[in-house]
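Taking it in order: structure first as structure tokens, then the write-up.
The values are calculated or read from the model by the stated rules, or taken from the named source; none is laboratory data. The structure presented is a predicted model; accordingly, all values stated were derived computationally and were not measured. For neighbour counting, all protein chains shown are included, and Cβ atoms are generated from backbone atoms with ideal geometry for every residue, glycine included.
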Amino acid sequence: MPRQRGFIPSLGFWLALAVALAGKVAVAAEPIEFYRAESAQGRVSYFYPSFHVADDRITRPPVAVLDAMTQLVIEADIGELQKHPEAMVHYILSPAPLDLAGLFTSAEIDAIRARAACNGIADHVERLRPFFIGMMVALPCPKPGGVLYELVLEQAAQARGLKVTALESADEEFAALFSLPDRAFIDEIRKYADDPPAGERQVAVMISLYNASKYDALYDLSMADLPRDAGDRGLFLDKVLLARNRAMVERMSPALDAGGALVIVGALHLPGKGGIVDLLQRRGFKVRMVAASAGLR
């Protein structure tokens, strides 16, 4: 077993709630579309559908969108998680080493180890939970210098003196992800280990849809890639999406009642039945898409 002190920093990239594809933050000349939500009392807030990776193919709005805001609401506090990554170790490490040879073919193991090597964790594959191995083989190798845009906005909001509120703890988010059985992730590992470029093709399609603000199509594509087992699929929808959507809407209610909030949540939490947009509309909010350039009014 590796020493935890040396092991945890090497997984800092994994501890940012999603594995970040590295690259500089690319700012769009004209930002992607936001959701504008107006309460029955006329209080307006905005939702930025985030793509939880740092990749220079993804266009981002300028930080100036914060200028007209009074508060920032984020899905989870990435900055705090980076300060205390040790809190998530039990979600990253398997209770016992994985029997890779009993789960995968030799070619699949070679593909897994190759992807682990480019992530700097080649010596620790057997100790990782299948969920993290699945993310590793599904995403392209990282490049140095990547910055999660959520963290950029969080730091910019703090510098402006804006109130920053997190909708869930990192522990809550990881607990939801790990409500799925390992078998669901094993199938995904096999899928991408058998065809390593498949993950990169999938990410490229998702980025294209995201940059075009086709959030419904992005949602549909992601739903089509859910576990094949009906029980696992239902568990994912309930625990990872729908239950979290309901909890986040409850927790963001004070900010929306006050108005002037910029809310950042993953793009898949917003569309669909039981999505945040649907839940807000049931509460009487008027929700529409808007474009923004230097700021939101």
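Within segment 165-181, track down each residue that is of a type in the set (A, V, I, L, M) and not in a helix (DSSP H, G or I).
ALA166, LEU167, LEU180
Which residue pairs have Cβ atoms under 9 Å apart, sit 6 or more places apart or on different chains, and have a first residue in segment 278-291 that is more than 22 Å from ARG244 (Cα to Cα) and a second that is part of a loop (DSSP other than H, G, I, E, B) and of a type in the set (A, V, I, L, M, F, W, C)?
Within 9 Å, the pairs are VAL290/LEU296; ALA291/ILE32.
It is to be established whether one or more residues within segment 36-55 are modelled with pLDDT of 90 or more and on the phi > 0 side of the Ramachandran plot.
Yes, the conditions are met somewhere in segment 36-55.
What's the total number of residues in segment 243-260 that are of a type outside the set (S, T, N, Q) and in contact with a Lys or Arg (Cβ under 9 Å, 6 or more places away or on another chain)?
Adding up the residues that qualify gives 7.
Among the residues of segment 245-267, is any more than 23 Å from PRO130 (Cα to Cα), buried (at least 21 other Cβ atoms within 10 Å of the Cβ) and of a type in the set (Ser, Thr, Tyr)?
No, there is no match, as no residue in segment 245-267 is more than 23 Å from PRO130 (Cα to Cα), buried (at least 21 other Cβ atoms within 10 Å of the Cβ) and of a type in the set (Ser, Thr, Tyr).
Within segment 47-69, track down each residue that is in contact with a helix residue (DSSP H, G or I) (Cβ under 7 Å, 6 or more places away or on another chain), among the β-branched types (Val, Ile, Thr) and not in a strand (DSSP E or B).
ILE58, VAL63
For residues that are out of contact with any strand residue (DSSP E or B) (no Cβ under 6 Å at 6 or more places or on another chain) and at pLDDT 85 or above, scanning just segment 162-186, find the one that is farthest from ASP99 (Cα to Cα).
LEU167
So which residues in segment 108-154 are more than 22 Å from GLU188 (Cα to Cα), surrounded by fewer than 18 Cβ atoms within 10 Å (Cβ to Cβ) and either modelled with pLDDT of 85 or more or in contact with a Phe, Trp or Tyr (Cβ under 6 Å, 6 or more places away or on another chain) (or both)?
Result: VAL152, single match.
Are any of the residues in segment 196-203 of a type outside the set (Phe, Trp, Tyr), modelled with pLDDT under 95 and not in a helix (DSSP H, G or I)?
There is at least one residue in segment 196-203 that is of a type outside the set (Phe, Trp, Tyr), modelled with pLDDT under 95 and not in a helix (DSSP H, G or I).
Going through segment 227-276 one residue at a time, which ones are farther than 30 Å from ARG190 by Cα and within 15 Å of the chain's Cα centre (by Cα)?
Those that are farther than 30 Å from ARG190 by Cα and within 15 Å of the chain's Cα centre (by Cα): MET248, VAL263, ILE264.
Inspect segment 221-239 for any residue being modelled with pLDDT of 90 or more and either of a type in the set (Ser, Thr, Tyr) or touching a Lys or Arg at 6+ places or on another chain (Cβ under 9 Å) (or both) and give the result as yes or no.
No.
Can you tell me which residue is nearest to LEU66 (Cα to Cα) among those in segment 180-215 that are exposed (fewer than 14 other Cβ atoms within 10 Å of the Cβ) and not hydrophobic (A, V, I, L, M, F, W, C)?
Filtering segment 180-215 for residues that are exposed (fewer than 14 other Cβ atoms within 10 Å of the Cβ) and not hydrophobic (A, V, I, L, M, F, W, C), the one nearest to LEU66 (Cα to Cα) comes out as SER208.
Tell me the residue from ALA117, ALA101 that is assigned to a helix (DSSP H, G or I) and over 24 Å from the mean Cα position of the chain (by Cα), please.
ALA101
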